[in-house]
Structure formats: C-alpha cells, structure tokens
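Written below as structure tokens is the structure these notes are about.
The values are calculated or read from the model by the stated rules, or taken from the named source; none is laboratory data. Given the structure is predicted, the values throughout are model-derived calculations rather than measurements. Virtual Cβ from ideal backbone geometry, glycine too; neighbours counted across all protein chains shown. Accessible surface is based on the protein model in full, side chains and every heavy atom, while ligands, DNA and RNA are left aside. Shrake-Rupley method; radii C 1.70, N 1.55, O 1.52, S 1.80 Å.
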Amino acid sequence: MSSYLEGIIMLSGINLIAVLGLSLLTGFAGLFSFGHAGFMAIGAYSAAICTTIFKLPFFVGIAAAAAAAAGASWLIGRATLRLKGDYFCIATLGFGEAIRLILDNFQGLGGARGWPGIPPHTTLVNILILDVIGVVLLANLVRSRHGRNMIAVREEELAAQVAGINTFKYKMLALVVSAAYAGVAGALLGHYMTFIQPKMFSMVKSTELTIIVIFGGLGSISGSVLGAVVLTFLPELLRAVDKWRLVVYGLAVIGIMIGRPRGLMGGFELTPKSVRAHFARLREAKAARADQAAEEKGGL
Amino acid sequence: MSDILQVRGLTKRFGGLAAVNEVDFNVREGGISGLIGPNGAGKTTIFNLITGVYKVTSGSVSFEGKDITDTEPYRIADIGITRTFQNIRLFKNLTVFDNVLTACHASASYNLADSLLRLPRFRREEKTLKEKALELLSILGLADRKDAIANGLPYGLQRRLEITRALALDPRLLLLDEPAAGMNPDETEQLMRLIGDIRNRFKLSVLVIEHHMDLVMGLCEHIVVLNFGQKLADGTPDAIRGDKRVVEAYLGGGE
Ligand SMILES: Nc1ncnc2c1ncn2[C@@H]1O[C@H](COP(=O)(O)OP(=O)(O)OP(=O)(O)O)[C@@H](O)[C@H]1O
Ligand SMILES: [Mg+2]
C-alpha cells in the first residue's frame, strides 16, 4: 500500500472515532456541539504529556486522554445541561475556542508554535482496533435501556421526563462518552502527526465533525462510519483541483444533502439483519417480476 | 375507600393570572375520578403541578400520604404516577414497540457496563423488558402495529399508545388529559370501556380530564369541577348534574 493511501486511511480511522462520539451526542441524544475539537485537543495534549514527559506506554496515554476529555465535558455539562435551549451548544462553542486560546498561550507545551517530537506510536493496526471497539461499544450502548433513554430525550424531552427518565443524567452520559471518544481521537492524531498545535483543533475542526455526522445521517452508526470515510477521502481526492477544493467539497456535501436530506444513511442502520431484510425484499420483487413475465407469456 | 391523592390549597400564578387558585380535592384509591371545566379553567395546569412540570405557587400535593409537592417530573413516575398529554407527546420517530420498550426501562436494573459489554444481566433483563412491552401492547390491542412508526398511526391509536407507554411504568395513579379529544363517538365509546378495563386489570386509580360530558358522567365515580382556576363543585355525577352553579357555569349552554 502506498504510504499516501495508508495515511488517508489512518486519518479517516482517527476521524471516525471522534465522529462516532459526536454521533452519540448529536444523532442519538439530539444535542449539538461545536466544541468537540476542544475535547480532541485535551486528549491530544494529555496523551502527549503521558508519553513524552512521563515516558508512559501509549495505551496509558490513550486512557488518560479519554479520562481528561470526559472530565472536562462533565464540568461543562454540569454548568450548562440543565439550562433550556441552546445554551449548551453556545457553551461548547466557547469552550472549544477557550481551550485553543489557553494552549496558544501556554508556552510550557509549545504555545501557538506547536509541540514537535511526539513519538509515532499511532499505527494503522491500533487505529483499526480502536475503530472496531468504538463501533461495537457504541452499537451496544444505543441498543440498551441507557441508549433508548438518550433517544427518548432527543425525541420528546418532557415525555421522557414523565416516563421517569432523568433527562439531565442521560444527556450528561451521552456528553461524557462522546467527549471520551473525542479524547481518544485526539491522542491518536497527535501520535500520528508527531506534532500538535492548538490551531489543529479550531472551530473548523469541530464544525467538520458535525458536518460528517449530519452527512452520514443522524441516528445511524453505519452512516457515521460511511460519512467519516467519504468526507476524509473526498478532500484528498480533490487535491487535483487545488484551489477549488473547498468549493467542490462544499458543493458535493450540499448536493448529497439535497438528494438525501436525512443524510447518507438517514435513520437506516446497516446490520446483518437489515441487509438480509433488504435482500429479501429484492428477491420478492424479482420473484414478482418473474411471475408477471410468466403470466404474460402464458397469456400469449 | 381511602384517598390516593390529596390536593390542598393548590395555587399557580402566571404573572397576574391565577391559573389555579386554592384548589382542594381528593382522588379515591381504585376509583376513576374526573376533572372537568371550561377551556382555560386550569385543568392541565393541575396535572402539570402534580407531575412537577410546573412549580407550585402555594399549596401541596400528597400521594399515598407522602408530600410530593414540587417533586422533579422524572421522579414522579418512580413514586407511582404517570400521565398522558393533551397534545399527544410520543417518541414520534420510534416504532410503537420502542415507545413502550423505552418506558419499560424502570423495570430493569442492569448498569452501563452491562450495556456496553452485553453481559448476561443485560441479556436476561432485556428479554424480560421485551416480553413486558409485547404483553402490554397485546393487552391494549396494539400488537399488530408494533413495528409501525408512532407518528404514522391514526390519531386514536396514538392516544392509545400514549396510555400504553404510561402503563409500562406500573403506575398506581394514571392521569389522562383529554384522552378522547379528536375522537369520533365510536372511538370515545371504546375508550371509555378501555379506561374501565385498565383500572380493573392493573388495579390502579385514574384521574381523567375530559370535555365529553357523556364520557365523564358515564365513567367517573367522582367529579371535580373547575372554573376560572377555582373549584366550583365536587361530588358524584348525579350531584354534579344537579348542582346549580355547575349548570350555570358549564353545563348550562347545551353541552
Ligand atoms: N405556561 C403558562 N404560562 C402562562 N400562562 C399559562 C401557562 N399554562 C397555562 N396558562 C394559563 O393558565 C390558564 C389555565 O390553562 P390550562 O391549560 O390549565 O387550562 P385547561 O383547563 O387545561 O383548558 P383546556 O380545556 O383548554 O385544555 C389559561 O388561562 C392559560 O392561558
Ligand atoms: Mg388542558
């Protein structure tokens, strides 16, 4: 495999983890965040501190990244998730930018110039393993009572409450799990690039993650996977058209959203069961056509 | 018969408007009680006060002898009270089955780790939850619609689904806010029988807000009449029918 192709695959695998987390928060619990790059930054810097300064193994760095991002999200959730409406969304926006500004000015970790010399621990194999774990855990979560309670919050918050669901608790759970995923993605990114810089985690990155989740289809894990892969590859393929790249990227996203307003997978989940059901329908349709053809022949 | 719910001096002000003003009434244990009154009388507001959706201005609510005034809405179900809404609030994009299954959550106790790792406790309890949801759906006559999306159901069945979802929480008191709204006489008749059946089968108490006089008079053993936020009268259907103030305020016009 060319190292260029491998690089893009690795980047989409890393993106996927952050997207999976955001998919839980936005697609299942119905909360929008424009600060998820902030959680990635916390993950990236925490992991780098563990492996570079304390010379700890990579998996410890990854665990620390998840824990640090989850802890930060818990604080934000505590302050904003009880408030009605869009305060949470605005708070995440402020949080993301605040993290970036703090890191910009914190010279101990390289400041705005960035932090080079992070060991290249991230490999295709550990990305793929974490991708699989990420998908399995998320799929298990959304199909449990915990996941159903989050979905209920998205669907009809007041009804969820009188059905005995502590909506604050389940929003918090979605947020914390989601931030932990972003933290892991940040840790992988830092140890892939071997260099981290605050501006890698700007609002543009947060927005990109949200776009991928919506593009893939809210409430669909397979949609998020597909979205992360397609939208990481697309800009790379478009390098050929250079300065028109972002324009073409934007138009492609808009085009697909017009064609499929609920996203690529919009509410549909790709599972062995749903695929079998789909093929069963196709077979039925084919059988029906064959019957019809036979009838027409018989009639002649 | 003892009282399962006691409302004392209940008052709710929105700015200058007293939507509910010093209201007292009881709901009999095991009975079907009605809450009636003209538009804007404060009926829904009383439900919102009982279930903690609104904070009371003054007064108290007690359930089975315990004070539950201003309890958070999500704890009310745990305490034993569930409700439906005047403007149906289903989990719209979920299937009929998932609407009920979601509400069965309180019957399970597996934790987050059990969920994430699909541990044996998760499998065992999930199986029980699914059986419970299916059983409720068949009792309420929705089993053949279980895979339909809630939003696409005909209006009458949406109301029925909302009641099913409330029952999934094993309430001892069920609050129904205008369950017959938008139904034709046939459906209303069916609903009346259904409410009676539910009360007997699940051994619970019901408080129902209703505009259809036939339904209220035929179904309820006890009726509370509200007008402009105040209690006008309180008694058996016959007593209410004969009450002069009620007839003037509410029944008078040919309702
Ligand atoms: N959240 C609120 N803010 C302000 N006023 C409110 C609010 N909720 C209810 N009200 C007012 O309180 C009064 C009682 O309303 P409520 O909904 O309880 O009436 P109701 O008896 O249920 O009437 P209906 O038969 O029309 O459902 C009305 O005047 C209404 O406008
Ligand atoms: Mg009302």
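Considering only residues that are hydrophobic (A, V, I, L, M, F, W, C) and either closer than 18 Å to A:Ile151 by Cα or under 10 Å from the mean Cα position of the chain (by Cα) (or both), which ones fall in region A:212-226?
A:Ile212, A:Val213, A:Ile214, A:Leu218, A:Ile221, A:Val225 - these are the residues of region A:212-226 that are hydrophobic (A, V, I, L, M, F, W, C) and either closer than 18 Å to A:Ile151 by Cα or under 10 Å from the mean Cα position of the chain (by Cα) (or both).
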### Task
Being open to solvent by less than 70 Å² (accessible area, probe 1.4 Å) and under 20 Å from the mean Cα position of the chain (by Cα) is the filter; apply it to region B:221-234 and report the residue that is farthest from B:Ala18 (Cα to Cα).
B:His222
#### Entry: Test set (1) modelled with pLDDT of 95 or more; (2) surrounded by 15 or more Cβ atoms within 10 Å (Cβ to Cβ) - A:Leu93 fails condition number
(1)
### Task
Give just the number: which of (1) within 16 Å of ligand 1 (Cβ to nearest atom); (2) at pLDDT 85 or above; (3) on the phi > 0 side of the Ramachandran plot does B:Gly182 not satisfy?
(2)
## Note on the structure
Picking from B:Arg75, B:Arg13, the residue that is away from ligand 1 (no atom under 16 Å from the Cβ) and charged (D, E, K, R) would be B:Arg75
### Summary
Those residues of region A:97-141 that are out of contact with any helix residue (DSSP H, G or I) (no Cβ under 6 Å at 6 or more places or on another chain) and polar (S, T, N, Q) come to a total of 4
### Query
Where in region B:96-147 are there helices (runs of 4 or more DSSP H), lying wholly inside it, with at least 2 residues that are open to solvent by 40 Å² or more (accessible area, probe 1.4 Å) and facing another protein chain (nearest Cβ under 9 Å)?
B:112-117
### Query
Out of the residues in region B:20-41 that are near ligand 1 (Cβ under 8 Å from one of its atoms) and open to solvent by less than 10 Å² (accessible area, probe 1.4 Å), which is nearest to A:Ile165 (Cα to Cα)?
B:Val20
### Pick from region B:161-181, criterion over 11 Å from the mean Cα position of the chain (by Cα) and under 17 Å from B:Ile209 (Cβ atoms), ranking: least open to solvent (accessible area, probe 1.4 Å)
B:Ala180
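Could you name every one of the strands (runs of 3 or more DSSP E) located completely within region B:1-71 that has at least 3 residues being more than 16 Å from ligand 2 (Cβ to nearest atom) and touching a His at 6+ places or on another chain (Cβ under 9 Å)?
Fully inside region B:1-71 and qualifying: B:17-28.
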## Note on the structure
Restricting attention to region B:72-91, the residues that are touching a Leu at 6+ places or on another chain (Cβ under 7 Å) and either over 28 Å from B:Leu157 (Cβ atoms) or not in a loop (DSSP other than H, G, I, E, B) (or both) number exactly 4
### Message
Suppose the filter is within 16 Å of ligand 1 (Cβ to nearest atom), on the phi < 0 side of the Ramachandran plot and touching a strand residue (DSSP E or B) at 6+ places or on another chain (Cβ under 9 Å); does B:Ile149 pass it?
### Response
no
### Query
Are there any pairs, at least 6 apart or on different chains, whose C-beta atoms fall under 8 Å, with the first in region B:1-27 and under 20 Å from B:His222 (Cβ atoms) and the second among the aliphatic types (A, V, I, L, M) and open to solvent by 10 Å² or more (accessible area, probe 1.4 Å), and if so, which?
B:Leu10/B:Val56
### Those residues of region B:200-218 which are in contact with a helix residue (DSSP H, G or I) (Cβ under 9 Å, 6 or more places away or on another chain) and either open to solvent by less than 10 Å² (accessible area, probe 1.4 Å) or more than 20 Å from B:Val247 (Cβ to Cβ) (or both), in sequence order
B:Arg201, B:Phe202, B:Leu204, B:Ser205, B:Val206, B:Leu207, B:Val208, B:Ile209, B:Glu210, B:Leu215, B:Val216
### Task
Considering every residue within region B:166-174, establish whether at least one is away from every other protein chain (no Cβ under 14 Å) and part of a helix (DSSP H, G or I).
no
### Query
Which of the residues belonging to region B:85-95 are in contact with a strand residue (DSSP E or B) (Cβ under 9 Å, 6 or more places away or on another chain) and within 9 Å of another protein chain (Cβ to nearest Cβ)?
B:Phe85, B:Lys92, B:Asn93, B:Leu94
### Message
Here is a list: A:Arg100, A:Arg82, A:Arg143. Which entry is charged (D, E, K, R) and away from chain B (no Cβ under 14 Å)?
### Response
A:Arg100
### Query
Only one of B:Pro120, B:Pro154, B:Pro171, B:Pro179 is away from ligand 2 (no atom under 16 Å from the Cβ) and under 23 Å from B:Ile32 (Cβ atoms); which?
B:Pro171
### Task
For B:Ile32, state whether it is within 14 Å of another protein chain (Cβ to nearest Cβ), within 19 Å of the chain's Cα centre (by Cα) and modelled with pLDDT of 95 or more.
no
### Query
Got a sec? Which of A:Ala159, A:Ala182, A:Ala228 is surrounded by 18 or more Cβ atoms within 10 Å (Cβ to Cβ) and within 14 Å of chain B (Cβ to nearest Cβ)?
A:Ala159
